[in-house]
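Trainee: Could you have a look at this structure, given as structure tokens, before my questions?
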Number of protein chains: 2
Amino acid sequence: MKHLTCGLLATFLAAALYSADTMAQAPATQQPLKMPTLEDLIPGGETYRYTQSLYGVQWWGDVCIKPEIDSLFAIDPKNGRETLLATRAKVNEVLRSLITPTDGQEQEGKSEIQHFYNVEFPWPDKPHMLIKGAKRYIVYDFEKNEFVIGYPQAGKAGGTNIDFTPEGGHIAYTVGNNLYVDNRPVTREPEGILCGQSVHRNEFGITKGTFWSPAGNLLAFYRMDESMVTEYPLVDITQRIGTVDAIRYPMAGMTSHKVQVGIYNPATEKTLYLNTGDPTDRYFTNISWAPDERSLFLIELNRDQNHSKLCQYSAETGELMQVLYEEEHPKYVEPQQPIRFLPWDDTKFIYQSQRDGYNHLYLFDLGKKLDTPQSARPETGEGSYLTHYACTPLTQGPWLVQDILGFNAKKKEVLIAATKESPLQSNVYKVRVKDGKLTPLDNGQGVHQAQLSASGTYLIDNWSSPTVPRCIDLRATANGRTTAHLLIAPDPFEGLVMPTVETGTLKAADGQTDLYWRMLKPAGFDPAKKYPVIIYVYGGPHAQMITANYMYAARGWDLYMANRGYILFTLDNRGSANRGLEFENCTFRHLGIEEGKDQVKGVEYLKSLPYVDGSRIGVHGWSFGGHMTTALMLRYPDVFKAGVAGGPVISWDLYEVMYGERYMDTPQQNPDGYEATDLRRLASRLKGRLLLIHDDHDRTCVPQHTLSFLKACVDARTYPDLFIYPTHDHNVLGRDRVHLHEKITRYFDDHL
Amino acid sequence: MKHLTCGLLATFLAAALYSADTMAQAPATQQPLKMPTLEDLIPGGETYRYTQSLYGVQWWGDVCIKPEIDSLFAIDPKNGRETLLATRAKVNEVLRSLITPTDGQEQEGKSEIQHFYNVEFPWPDKPHMLIKGAKRYIVYDFEKNEFVIGYPQAGKAGGTNIDFTPEGGHIAYTVGNNLYVDNRPVTREPEGILCGQSVHRNEFGITKGTFWSPAGNLLAFYRMDESMVTEYPLVDITQRIGTVDAIRYPMAGMTSHKVQVGIYNPATEKTLYLNTGDPTDRYFTNISWAPDERSLFLIELNRDQNHSKLCQYSAETGELMQVLYEEEHPKYVEPQQPIRFLPWDDTKFIYQSQRDGYNHLYLFDLGKKLDTPQSARPETGEGSYLTHYACTPLTQGPWLVQDILGFNAKKKEVLIAATKESPLQSNVYKVRVKDGKLTPLDNGQGVHQAQLSASGTYLIDNWSSPTVPRCIDLRATANGRTTAHLLIAPDPFEGLVMPTVETGTLKAADGQTDLYWRMLKPAGFDPAKKYPVIIYVYGGPHAQMITANYMYAARGWDLYMANRGYILFTLDNRGSANRGLEFENCTFRHLGIEEGKDQVKGVEYLKSLPYVDGSRIGVHGWSFGGHMTTALMLRYPDVFKAGVAGGPVISWDLYEVMYGERYMDTPQQNPDGYEATDLRRLASRLKGRLLLIHDDHDRTCVPQHTLSFLKACVDARTYPDLFIYPTHDHNVLGRDRVHLHEKITRYFDDHL
């Protein structure tokens, strides 16, 4: 394991690997192992081996709820004791009694529940659960077994983006491009203007378009005018005669949409829009409410994405009250998390920033306005920030906070997920707000996804590690002690032939940065043989391929191909996630080039191994990984023999404004960078076999990428291959995902 | 040559083959032969070996005109003597003098001609030529070397479909969707209505939309309302952001366009539309003028295409004057040639019909109206015809008339091209109108394309044969004697390695019909070896792959692949052209099925040959041939190992109304036929390797064919391959055609 250069990691990995190998090589049963098929290993496959889980497990206050199909259990987190809360038979009996003759026959049975997996428990103080029926949301008292109240929702009208406020008892949803609340239209905009939906193409952490105030009295929502954005025509060939499915797609440097933020008051049925001024080329991100509902916070970003401002707007007048904090960076700033007020102190909130090189928590004190705003250069030495309020770092160090899980108000702690143990891991910590004291709460291994109870005293800790497929534990935040094991999932690959998994690090092309790699070797690996290698690559921001999940997050296809006799290798190059700002932004303005150099370092390492056939190196990736695959095939034509690029970005000038300009600026600002990364200009360099795969409904990376690359190759007399998956969108999901991976497999079998 | 079962043909072929072999094996020079590249053999290639020709050779009355770049020659057809008629220097001197200051500097030089290849000589009685300049059409006196008259045309306005009447001196053209004459708008229709352009998707022999009357006083034109036709969206990916190029494409069984015929009078600037009644689901085809310009003839067809009517409309009132003749057939009738009046007798015209099984000439006598219309069953025993006038067959027999070349008014002869010698040939004959006496005029070999002089006394005979790349002779129609050899083209493949070409016949799947095949064997063929075979197939109506052209019309790619070591085989199955009605229409309502059975007969023959590797049979074709390729791969998965289907029809319900319904009826009328020939339903049968190639701007066979087949294959878990040629339309022409054939070549090299 000479490549494990990081001490802590080496220890951990060595242990993990030993266990992983043991697991794969010595199954519990003595029956002969079965060779898994793609149907076993690819999500969507008929016999897909899911890792067992507990669906819908959640908190009701500090009581853990465990739903099943026919029964609903409460679990006492102190001791894991289970109590039956409700049965489906009883609930449905009550629900059936609600059907009135006027509901009509076609509604009969529609209020019945099929299982308890998606009921919710948003009222910690009441024995109520929320049943999200197709016709209406029903609040059900599971102690008295009776109907409490029903909220008619948008089922009939085809409503989506449903957002229910348990506090206010209102229900928001969208029909077409307009927003409705409690069956009343909030907006009446023409086509081209979207209301109540996610905006800015889901960048900046935005995933939705409605934001209820804490007590549920007001609804903030996005309004996005896309009418000035050029349409990209996708063609739906499943109709009798093909039809156009036009999407508003602003390409880098082109006119973009304009976003506004509205506030709707269900009591008055009035809507107010924030007075932000001309919204052209501005991003309004990370909306959050003041605890008193009287103002709204958002983080505004300029189109250049190099200057962010934390702004407070009055919810009563819509006017800007103040700018609290600003950041500038010569490359980009990327706010992705709304501010969070401390539940026990309405004058303090937590702001997350990468200003010091890693995402960390900063505590702002609204009670301490500075006489003069304080401007400073952050620890990275790049950019600057400007604060109008006292601001203290709550967390610090060369690791990053991934998520705020919640608070323990009594102890005045904030609970977080962070990478402090290892960049591959995600562990749970409590941070004492008073002094930033950090206390680890979990077992220090693997990747933990935790839900915090209402009071912050218990966690549902859903975790896996390289040797553990999944455990779900209850854990006390007082001391991190496990109070109950809710699930120890069996190995999903039990009885199957499995490759071995190894990881390590190597030096990036800069000669100093450690990069993590993962290698899968076929079962029965013979070091005297020469194996072909397939590199699976992503390589872009916001993602990390090697994590301390089960089998280091090796994908089903990786396992399958290793079983077929390939070595599968993955390297998280510079530019990828969870390693901090500098690691990510060294690719600024020339996406794909530094990343490619790092991947070639991986190839050099592979070629140094006696059992690797250096003349048979393949590469495969999707999306950014499709760009990487194509770029590697073209920039290093003598290194890679065969590649499969899925949904590739071919030229950043065909990619959208939000993501693209963050990393590339506009084509007008950065013509050299766009030219150097336009793979069509390298089309003449294609030498190996390259299969391009694109979905005909790819709304993220439009088919023009691949089609215009084909044209460039035809012009250059080079010969890529092609496949198109009709009706799919930027990836092939569902049952067809097996077909996709069979297609990819055959390509490497044919050409590598 | 045991497969040459037809006596006449066998003799001919044997001679031809001997010569072909000799030609290929014993080149004139003794230098080592060069292996030709695709650039040498594919049209569009940088070093493409064109067969030499004489561009623009034509008649001026009875004087043969031979244009060159700098000079224009007259050739006396009696003896071949050449005279210089004009020089480019002199003509341009005159043209330059016409440029007036008001023409503006940007027009300077635009009236000059670059060569004489596209000047025309439509005035037999005047020493005038027509120079079709970008700005205007100029009549130039080449005896006096002076400008006669200029007709401003549509160059400035981007006009197309230019139609000049030398008799009337008017110029018609279209701009956008509207028709103009002499720079005045004739129609002012909105988008969706096309005027002055070809209609009915160029079926029924229609190739243009304007028809000047004999003296050039009136213009008949088509008006096609397509506004009710569904649009198919093609996507242009060469724009900054992809744009839709929507075409009106009526798919089988769907609402089709409506056509009207207008008559415009330039003298009055008035337009009259024929009063045909509701044009819904009617085809108005084969427009021609009465010699006196007072009426118009057209052949009307119902949407079912099983009932045609020769109609005469008044050009003065637009009213139907009479129906002269009708044909019905249980499958289809397909008029493709307008009537032709005898130049010496305005009461007689020639009608062409396949009613007796082969396309022949019928002489109608307007002077002999029948008291009662005569109805009869034709010789084929299928269908019926009904004539109101005396009607005599001019030609008869199991061969077909391909074209009327013109008339010899003095001798009262009609000159035709016909297949009387062999279905593979096209030879020139004169037919004595008095009694139908047929006299062959050419050498009885090969394929002749002839232009008849004004008086009908001489022919420019441009011909090739299996051993002759091209000759252009002058020939007297009095006795068929060659009076001059204008060109004997050298072998374009001189100095290149060439395969040998053989042809023969075999029995169709019906056990009785002779089918012609062509086989290319690699140079240096070794009968002791086993060769893989690629079948190149078209197979649909209106085309014939094996003709008695040079090397039996073997294509450049066929030669290339034979040189690579493949045997190339082509068979004209039942359903293809030039073999008569029954041969063609046996495929009615189930296109592709009988055709496929015949192709399998070809494979059986191939497998009977000791030098054929029966496990390595490939197939390739485009359009209908793409359908055949895909159908053969699916219906005979154990016969064909690899296929390349270009621009394939996958399902006839995605094909257009005119062509598709002729052979298939509508999906509503023939659901079983559509189902049986929908290749998507056979997607699960794919076993061999199949590459589908489609052009993204295929307006004939829209990309939905291939894309919906891919979806069917994904659903069925089968694995075709794909390539798309952006910007091309139903075939890959120009420089990219070399890329296409390299792509196809590689596929067979990889997978066959």
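Trainee: Given an 8 Å cut-off on Cα distances and at least 6 residues of separation, report the relative contact order of chain B as a percent.
Mentor: 11 percent
Trainee: Could you tell me the calculated FRET efficiency between B:ASN731 and B:LYS126, based on Cβ-Cβ distance and R0 = 35 angstrom, to the nearest 0.05?
Mentor: Once the sixth-power term is evaluated, E becomes 0.25.
Trainee: Evaluate 2.2 N^0.38 Å with N set to the residue count of the range B:111-211, then give the Cα radius of gyration divided by it.
Mentor: 1.19
Trainee: List nothing, just return the count: lysine pairs in the range A:52-175, 8 or more apart or interchain, with Cα separation under 28 Å.
Mentor: The number of close lysine pairs in the range A:52-175 is 26.
Trainee: Further, regarding this structure: Using θ = phi - 60° and the Karplus form 6.51 cos²θ - 1.76 cosθ + 1.60, what ³J(HN,Hα) does each residue of the range A:135-149 get, whole Hz, x for Gly and Pro?
Mentor: 8, 7, 8, 10, 9, 10, 8, 8, 8, 8, 6, 8, 5, 9, 7
Trainee: Full-extension gain between B:ASP182 and B:MET228, please, as 0.36 nm times their residue separation minus the C-alpha to C-alpha distance.
Mentor: Using 0.36 nm per residue and subtracting the Cα-Cα distance, I get 13.5 nm.
Trainee: Going by C-beta contacts inside 10 Å, put A:PHE73, A:PHE364 in order with the fewest on the left.
Mentor: Placing the least packed residue first, the sequence is A:PHE73, A:PHE364.
Trainee: Let me ask you something else. Could you state the number of Å between the C-alpha centres of the range A:542-584 and the range A:247-311?
Mentor: So the separation of the two Cα centres works out to 36 Å.
Trainee: So if each residue of separation counts as 0.36 nm, and I subtract the Cα-Cα distance between A:THR457 and A:GLU68, what length gain in nm does that give?
Mentor: Full-extension gain reported as 137.6 nm.
Trainee: On to the next question. If you wrap the range B:551-638's Cα atoms in a convex hull and average its projection over all directions, what's the area in nm²?
Mentor: So the mean shadow area of the Cα hull is 6.5 nm².
Trainee: Here is a follow-up. Under 17 Å between alpha carbons, and skipping anything fewer than 8 positions from A:LYS434 in its own chain: which lysines qualify?
Mentor: Candidates past the 8-residue exclusion: A:LYS348, A:LYS368, A:LYS410, A:LYS411, A:LYS412.
Trainee: Now for a different question. Could you pull the copy-to-copy label distances for B:ASN183, with points set 7 Å along Cα to Cβ, in nm to one decimal and sorted shortest first?
Mentor: 7.0
Trainee: Where the eigenvalues come from the Cα gyration tensor of the range A:52-175, what are the semi-axes √(5λ) of the equivalent ellipsoid, largest first, in whole Å?
Mentor: 25, 17, 13
Trainee: Another question about this same structure. Ordered shortest first, which distances in nm separate the 7 Å Cα→C-beta label point of A:SER615 from those of the other copies?
Mentor: 2.6
Trainee: What does the structure give for A:713-726 when I average, per residue, the other chain Cβ atoms found within 10 Å of the residue Cβ?
Mentor: That works out to 6 on average.
Trainee: At 222 nm, what helix-only mean residue ellipticity would chain B give, in deg cm²/dmol to the nearest 500, using -39500 (n - 2.57) for each DSSP H run of four or more?
Mentor: Counting only the DSSP helices, I get -4500 deg cm²/dmol.
Trainee: Here is a further query. What are the ³J(HN,Hα) values, in whole Hz, obtained from phi via the Karplus relation 6.51 cos²θ - 1.76 cosθ + 1.60 with θ = phi - 60°, for each residue of the range A:605-614 in sequence order, with x given for Gly and Pro?
Mentor: These are the phi-based 3J(HN,Hα) values: 4, 4, 5, 6, 8, x, 9, 9, 8, x Hz.
Trainee: Taking only the Cα atoms of the range A:399-491, how large is their convex hull per residue, in Å³?
Mentor: 79 Å³
Trainee: Report, largest value first, the span of the C-alpha coordinates of the protein assembly as shown along each principal axis, in whole Å.
Mentor: Ordered largest first, the protein assembly as shown gives principal extents of 118, 76, 72 Å.
Trainee: Taking only C-alpha pairs under 8 Å that are 6+ residues apart, what is the relative contact order of the range B:165-272 in percent?
Mentor: Across the range B:165-272, relative contact order equals 22 percent.
Trainee: I've got another one for you. Applying 1/(1 + (r/R0)^6) with R0 = 30 Å to the Cβ-Cβ distance of B:LYS412 and B:THR482, what FRET efficiency is obtained, to the nearest 0.05?
Mentor: It comes to 0.80.
Trainee: Pop a pseudo-label 7 angstrom from the Cα along the beta-carbon direction at both B:ASP750 and B:ARG96 and give the gap in nm to one decimal.
Mentor: If labels sit at B:ASP750 and B:ARG96, their model points lie 5.7 nm apart.
Trainee: So, one more: What's the center-to-center distance, using Cα atoms, between the range A:166-245 and the range A:123-146 in Å?
Mentor: 27 Å
Trainee: Now, a different point. Given a Förster distance of 56 angstrom, what is the FRET efficiency for A:SER198 paired with B:ASP345, based on the Cβ-Cβ distance and rounded to 0.05?
Mentor: Rounded to the nearest 0.05, the efficiency is 0.10.
Trainee: Cut-off is 10 Å between beta-carbons; in what order do B:ASP371, A:ASP698 appear when sorted fewest neighbours first?
Mentor: In order of increasing Cβ crowding within 10 Å: B:ASP371, A:ASP698.
Trainee: Related question: Can you run phi through the Karplus equation (6.51, -1.76, 1.60; θ = phi - 60°) for the range B:296-312 and list ³J(HN,Hα) in whole Hz, with x for Gly and Pro?
Mentor: Calculated HN-Hα couplings, in order: 10, 10, 8, 10, 9, 9, 7, 4, 5, 6, 10, 8, 10, 9, 8, 10, 10 Hz.
Trainee: Based on other C-beta atoms within 10 Å, arrange A:GLU167, A:GLU46 from fewest to most.
Mentor: A:GLU46, A:GLU167
Trainee: Under 19 Å Cα to Cα from A:LYS743, which aspartates and glutamates show up? Leave out anything in the same chain fewer than 8 places away.
Mentor: Within the straight-line cut-off, A:LYS743 pairs with A:GLU39, A:ASP40, A:GLU46, A:ASP558, A:ASP695, A:ASP696, A:ASP698, A:ASP721, A:ASP729, B:ASP715, B:ASP721, B:ASP750.
Trainee: Can you give me the Cα centroid spacing of the range A:423-449 and the range A:480-506 in angstrom?
Mentor: Distance between centres, Cα-based: 21 Å.
Trainee: Right, next: Provide, for q = 0.08, 0.09, 0.13, 0.16 Å⁻¹, the log10 of I(q)/I(0) from a solvent-free Debye sum over equal Cα point scatterers in the range B:499-751.
Mentor: The Cα Debye sum returns log10 ratios of -0.28, -0.36, -0.77, -1.21.
Trainee: Where the eigenvalues come from the Cα gyration tensor of chain B, what are the semi-axes √(5λ) of the equivalent ellipsoid, largest first, in whole Å?
Mentor: Values for chain B, descending: 40, 33, 29 Å.
Every number in this text was worked out from the coordinates using simple rules, so none of it is lab data. Owing to the predicted nature of the structure, the values given are computational and were not obtained by experimental measurement. Ideal geometry is used to build each Cβ from the backbone, glycine not excepted, and the neighbour counts take in all protein chains shown.
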